[in-house]
Amino acid sequence: MTIATSLEDACAALAAEPNSVIVAGGTDLMVEVNRGSRCVENVVALDRIPELADWHLTGDELRFGAGVTFAEICEPEIAALVPALAQAARTVGSPQIRNAATLGGNIATASPAGDSIPVLAALDAVLELRSTEAIREVPVTEFITGVKATCLMPGELIEAVRVPVLDGPQEFCKVGTRNAMVISVASLALLVDRSARRIRVALGSVSPIPLRASEAEDHASGHLDWDSGVQPGPEVVREFAELVAGSANPIDDHRGSAAYRRHAVRVLAERSLTRVLNRVSSP
Amino acid sequence: MTDLATSERTVAPRIGENAPRPDGVPKVVGAFAFSSDLHHDRMLWGGTLRSTHSSARIRSVDVSTAVAVTGVHAVLVSDDVPGQKVFGLEYRDQPVLAGDVVRYEGEPVAIVAADHPEAVRMALEAIVVDYEVLVPVVDPMTVEEAEPVHPDGNLVRRIHLRHGNQDVVGDVQVEGTYEVAMQDQAFLGPESGMAVPADDGSIDLYVATQWLHSDRDQVADCMGLDPEKVRLTLAGVGGAFGAREDLSLHVHLCMLARHTGRPVKMVYSREESFHGHVHRHPAQMWYRHHADRDGTLVRVEAHLILDGGAYASSSSAVIANATCFAAGPYRVPSAEIDGAVVRTNNPPCGAMRGFGAVQVCFAHEAQMDRLAGALGMDPVALRLQNALVPGDELLTGQTIKGTAPVAEVIRTCADHPPGASMAVDPLELPGGAGRTADPEHVVRGEAFALGFKNLLFSEGFDDFSEASCRLAGGVATITSACAEVGQGFVTLAQQIAREVLGVDEVVLLPASTAGIGSAGSTSASRQTWMSGGAIQEACGQVRAQLLEHLAAEHGVDADDLVIADGRVVSMAGGFEVDLAKATTEPIEASVVFRHVPTLPLDENGQGNAHVSFAFSAHRAIVDVDVELGLVKVVELTTSQDVGRVLNPLQTVGQLEGGAAQGVGLAVMEEVLVQEGRIRNPSFTDYLVPTALDMPPVEIAALIEQAEPGAPFGAKGIGEAPSISSTAAVAAAIRNATGLDLPRVPVRPTDIVFPGGTA
């Protein structure tokens, strides 16, 4: 067990034992360990590395250390810059979980139900991966390659997550069978990017990998009159929602059926687009 | 140890006053010692190997590799059970360790003791069980024709209740089929305990349980020991709700302790706990109600099938309740109820708060609403018109002799002004933190439900509780084996002693089988009445002895003496003594308390089978996001027949907690079972209500009509809140959506795809 206090230490420990398990908040890892479904030999703990817990804003870009917790992301300072990420963070587990669980951990776990993933996908977030050998950058949509599978190499860790600060309203909605502290059955992030004149949409829990609904994005972006602020009619919203639902690739499991998940993202798409349009048109 | 909140009080609380729980603050701050916190310097850790199949023959169990694991002290299998190989609450039909067959997923097959939990884990992994996998019997509706799951057959009990004239037909009839899924008690403290062997071959078992003496007798039989060689002491209980009525790790711990000669501790994981205790019976129910055009009920017909799972547990008593109370607290002159509980390879089911009454309440209340609809009547008025009153007959032909303030319960609850306004904060809308709904997506619904249940054990069971009281130096010491599982007996025992004896200081000794006879189970809403009654009587005898002693010693009239403010005073004046100095010798009394006897049901399900009944009503207001099928229960109002309030603080706690379990069953709580396998054995996926799911509970009225025979007239209050709450919430969702919703929990898909698509 290595309790790293610097990135260099952590990377050195990982280089020495490339199959080490990385622990940050431990909220996913310990569930697996306690269940006996994961046997841990070597552990490298990242929670005492100061630079991982930092975030800062440079121009229009936010850079989160991978160890920033969901409790911190819920704070107003961050919520003002990436409101959808803060909304997603608020739906993660309980307050105790949010105090420990980290943004980097949520990405590394790569669960299709990871609450931050749709927002990060919609933001085109870029991950900085570090090893003793190199630092490389990978978009989050490429980083996650399957259910709980990533392209993280032995010896590598997630150092930071970079996202743009967009001009425009944002929404994150999540369906679960409980009003709080629930694993997502379906979720959706919808962001307005005024400068690029784009609507960005990504879905959660309806696909093994992060899913951008690009056809729906094109449709909505194309039907918005970005200069006048005059909004498209309900048929455009409905078509948008259908395209979103069509892009989903859900499964049946004990948390929900594929049909319900597809239905749910359609409803979320319709509602969240309506919400942002109401705000886009208001001054 | 921790300072208790009660120490600030100048006068200790008596009957009718708020008595804060001594374990309340320690539990909140993490200082309370639960059974999982037990420790012994020489202890070993125990673990259980469980069946991975819901039905299989065991060809062989090879423990040779497991025994060789470093640190392992014992690996035991069915052949190592020293006494009777089976246990059970009503029928001894459940193997301590599976021998030739496993009948449910998670059934214990082998047990291990080792120096360290990690060695236990490695040893369990090293045990090789050769299974011949069989096709599990999982459909309770067809099980009676299926291969026998157990040598005792697939029918555990059928009651064919026939009451009144069987030829009656109503002008108006409504029919419905209903289903209740499997609910878990979801206590927080998983099964845990420690067995400590003694040199004389006896064993001390410290365990979280509901009935020490029943456990003791079953453990002794399985260990091949005399009952006095097994001593059980209650360890810190983290909730029970029926899930600790049956044995779990008790015999396993004793076997490992005796085999190794060392103390052995075992703590189930959460997943293991889901396999390690019984659940609430899933129910399939068909009903037909007959009424006159004016709304008077004339007949109820019902077929009830409960899935008991692989072993009998308390199933036969659960089906008796479901059958006897199938029509609800209404006057029903004619009934035919066919109630059966069957055996399958599903997880075993048994006791849970509400015990058979919960399932039928969901159905009979849906029927009452349906009938009101067919008659064009107000649902509350229909209930009032048919409400039981004292002197009425139940479906069993039994006349209600005690109190039955059913109309009062209905009226006070229905008339209570609703308070909930429409939420603006998205957190308070259906979907909660997920921010899925805006106010325009939400439909509000409101509905009312009524329920009832028996108190105490029924059907001729010899139900008793023993307690003793010892008064010395002005301090009363109470001994009772009553299991405190969170219901609040620890405060009640002290309040009762203070009330009767006039003392301030009351010591309640730890619950154990060593010093006293059985208190019976902490279940059936019975301990306040039974153990409370025993303590009241024991204290009363001590009081009488004390006053007679003083009267004789000081030449005063015993009838003239009263106890007040810690002193014994003659009302006529002239004599006064401090209670602490009233006697030099301790005064003691021991009592075995029994309620009035009951009788078994006859072949038509008729007879004076029950003692007393508690009634409750709930009105639920819900907001439903119909498009997403998400529900927010925004208000629950309740009235309950309580006999008398003994501890107001705890009464509120019981009503809130019971309603929370009812809300859970209405909208989310379900043990998902597929081919006999539990798909969600975790609190990640078995969802219980959070603070955002549970509304405030408005108590419209606590109806206080003293119940004859009960201590201070108090009825047990623990179960009623969980009975009508589920039915009310489900009905409110029906009211909001216009859907039939014949099943609880109501799932999002039941609302979104009511036709059954996906």
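Return the only residue of B:Ala312, B:Ala326 being under 19 Å from B:Met182 (Cβ atoms) and assigned by TED's automatic domain parsing to the domain that holds B:Asn386.
Going through B:Ala312, B:Ala326 in turn, the sole match is B:Ala312.
Given the structure, is B:Glu537 closer than 17 Å to B:Phe464 by Cβ, under 37 Å from the mean Cα position of the chain (by Cα) and part of a helix (DSSP H, G or I)? Working first, answer last.
On the way: closer than 17 Å to B:Phe464 by Cβ: yes; under 37 Å from the mean Cα position of the chain (by Cα): yes; part of a helix (DSSP H, G or I): yes.
Yes, satisfied.
Please go through the stretch B:166-217 and pick out each residue that is in a strand (DSSP E or B) and open to solvent by 40 Å² or more (accessible area, probe 1.4 Å). Quick ask: steps written out before the conclusion?
The initial filter retains those residues of the stretch B:166-217 that are in a strand (DSSP E or B), namely B:172-180, B:192-197, B:203-207, B:211.
Scanning the stretch B:166-217 gives B:Gln173, B:Glu175, B:Thr177, B:Glu179, B:Tyr206, B:Trp211.
Can you find a residue in the stretch B:559-566 that is open to solvent by less than 40 Å² (accessible area, probe 1.4 Å) and under 38 Å from the mean Cα position of the chain (by Cα)?
From the stretch B:559-566, those open to solvent by less than 40 Å² (accessible area, probe 1.4 Å) are B:560-561, B:563, B:566; that's our starting set.
Filter once more, keeping what is under 38 Å from the mean Cα position of the chain (by Cα): B:563, B:566.
Yes: the stretch B:559-566 contains one or more residues that are open to solvent by less than 40 Å² (accessible area, probe 1.4 Å) and under 38 Å from the mean Cα position of the chain (by Cα).
Applying the selection to the stretch B:667-696, what residues are open to solvent by 30 Å² or more (accessible area, probe 1.4 Å), more than 8 Å from chain A (Cβ to nearest Cβ) and among the charged types (D, E, K, R)?
B:Glu675, B:Arg677, listed by residue number.
Which residue is nearest to the chain's Cα centre (by Cα), if the candidates are limited to the stretch A:154-202 and must be within 14 Å of chain B (Cβ to nearest Cβ) and among the small types (Gly, Ala, Ser)? If you could, list the steps in order and put the result at the bottom.
Let us first name the residues in the stretch A:154-202 that are within 14 Å of chain B (Cβ to nearest Cβ), namely A:169-190.
Now drop any that are not among the small types (Gly, Ala, Ser), which leaves A:176, A:180, A:184, A:186-187, A:189.
Values: A:Gly176: 17, A:Ala180: 18, A:Ser184: 12, A:Ala186: 13, A:Ser187: 11, A:Ala189: 9 Å.
Across the stretch A:154-202, the extreme among qualifying residues is A:Ala189.
Just give me the residues in the stretch B:423-439 being among the aliphatic types (A, V, I, L, M) and free of Cβ contacts under 8 Å to residues at least 40 places away in the same chain, in sequence order.
Here is the first cut: in the stretch B:423-439, the residues among the aliphatic types (A, V, I, L, M) are B:423-424, B:427, B:429, B:433, B:437.
The one that is among the aliphatic types (A, V, I, L, M) and free of Cβ contacts under 8 Å to residues at least 40 places away in the same chain: B:Val424.
Conditions tested, residue by residue: (1) in a strand (DSSP E or B); (2) in contact (Cβ under 8 Å) with a residue 12 or more places away in the chain; (3) among the hydrophobic types (A, V, I, L, M, F, W, C).
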site: A:Pro112; (1), (2), (3): no, yes, no
site: A:Leu129; (1), (2), (3): yes, yes, yes
site: A:Arg162; (1), (2), (3): yes, yes, no
site: A:Gly168; (1), (2), (3): no, yes, no
site: A:Ser184; (1), (2), (3): no, yes, no
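Please determine, by comparing only the residues of the stretch A:207-231 that are without any contact (Cβ under 8 Å) to a residue 60 or more places away in the chain and touching a strand residue (DSSP E or B) at 6+ places or on another chain (Cβ under 8 Å), which one is nearest to A:Pro112 (Cα to Cα).
A:Ala213
Could you check the stretch A:203-283 for helices (runs of 4 or more DSSP H) lying wholly inside it with 1 or more residues that are buried (at least 20 other Cβ atoms within 10 Å of the Cβ) and within 13 Å of chain B (Cβ to nearest Cβ)? It would help to see each step written out before you state the result.
Details: elements: A:214-223, A:234-247, A:258-281.
In the stretch A:203-283, the matching helices (runs of 4 or more DSSP H) lie at A:234-247, A:258-281.
Out of the residues in the stretch B:735-753 meeting the condition of being farther than 16 Å from B:Arg370 by Cβ and out of contact with any helix residue (DSSP H, G or I) (no Cβ under 8 Å at 6 or more places or on another chain), tell me which one is nearest to the other protein chains (Cβ to nearest Cβ).
Taking the candidates together, the pick is B:Arg747.
Every residue, every condition in (1) open to solvent by 30 Å² or more (accessible area, probe 1.4 Å); (2) on the phi < 0 side of the Ramachandran plot; (3) within 14 Å of chain A (Cβ to nearest Cβ), yes or no:
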{"position": "B:Leu232", "(1), (2), (3)": "no, yes, no"}
{"position": "B:Ala240", "(1), (2), (3)": "no, yes, no"}
{"position": "B:Val251", "(1), (2), (3)": "no, yes, no"}
{"position": "B:Arg270", "(1), (2), (3)": "yes, yes, yes"}
{"position": "B:Phe274", "(1), (2), (3)": "no, yes, yes"}
{"position": "B:His279", "(1), (2), (3)": "no, yes, no"}
{"position": "B:Gln284", "(1), (2), (3)": "yes, yes, no"}
{"position": "B:His289", "(1), (2), (3)": "no, yes, no"}
{"position": "B:Asp292", "(1), (2), (3)": "yes, yes, no"}
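Mind checking which residues of the stretch B:50-99 are under 22 Å from B:Asp115 (Cβ atoms), of a type in the set (Ser, Thr, Tyr) and not in a helix (DSSP H, G or I)?
Matches in the stretch B:50-99: B:Thr70 only.
Quick check on the stretch B:139-153. Is at least one of its residues under 21 Å from B:Asn346 (Cβ atoms), open to solvent by less than 30 Å² (accessible area, probe 1.4 Å), assigned to a helix (DSSP H, G or I) and β-branched (Val, Ile, Thr)?
Restricting attention to the stretch B:139-153, the residues satisfying the condition of being under 21 Å from B:Asn346 (Cβ atoms) are B:139-153.
If we keep only those that are open to solvent by less than 30 Å² (accessible area, probe 1.4 Å) too, we end up with B:140, B:143, B:149-150, B:153.
The next check asks that each one be assigned to a helix (DSSP H, G or I); those that pass are B:143.
With the extra rule that they be β-branched (Val, Ile, Thr), the set shrinks to B:143.
Checked the stretch B:139-153: at least one residue is under 21 Å from B:Asn346 (Cβ atoms), open to solvent by less than 30 Å² (accessible area, probe 1.4 Å), assigned to a helix (DSSP H, G or I) and β-branched (Val, Ile, Thr).
Residue under question is B:Ala113, and the condition is that it be in the same structural domain as B:Val86 (by TED's automatic domain parsing), touching a strand residue (DSSP E or B) at 6+ places or on another chain (Cβ under 7 Å) and not in a strand (DSSP E or B); does it hold?
Details: in the same structural domain as B:Val86 (by TED's automatic domain parsing): yes; touching a strand residue (DSSP E or B) at 6+ places or on another chain (Cβ under 7 Å): yes; not in a strand (DSSP E or B): no.
For B:Ala113, the condition - in the same structural domain as B:Val86 (by TED's automatic domain parsing), touching a strand residue (DSSP E or B) at 6+ places or on another chain (Cβ under 7 Å) and not in a strand (DSSP E or B) - is not met.
For the subset of the stretch A:174-193 comprising residues that are modelled with pLDDT of 95 or more and farther than 30 Å from A:Leu129 by Cβ, which member is surrounded by the fewest Cβ atoms within 10 Å (Cβ to Cβ)? I'd like the intermediate steps shown before the answer.
Taking the stretch A:174-193 and keeping what is modelled with pLDDT of 95 or more, we get A:174-176, A:178-193.
Among the residues that remain, those that are also farther than 30 Å from A:Leu129 by Cβ are: A:175-176, A:178-182, A:185.
Details: A:Val175: 28, A:Gly176: 27, A:Arg178: 21, A:Asn179: 27, A:Ala180: 19, A:Met181: 22, A:Val182: 25, A:Val185: 25.
Per the stated criteria, the residue is A:Ala180.
The values are calculated or read from the model by the stated rules, or taken from the named source; none is laboratory data. Please read these numbers as outputs of a predicted model, since none were measured by experiment. No Cβ is skipped: glycine too gets one built from the backbone with ideal geometry, and neighbour counts run over all protein chains shown. Surface areas here come from the heavy atoms of the whole protein model, side chains and all, with no ligands, DNA or RNA. Shrake-Rupley method; radii C 1.70, N 1.55, O 1.52, S 1.80 Å.
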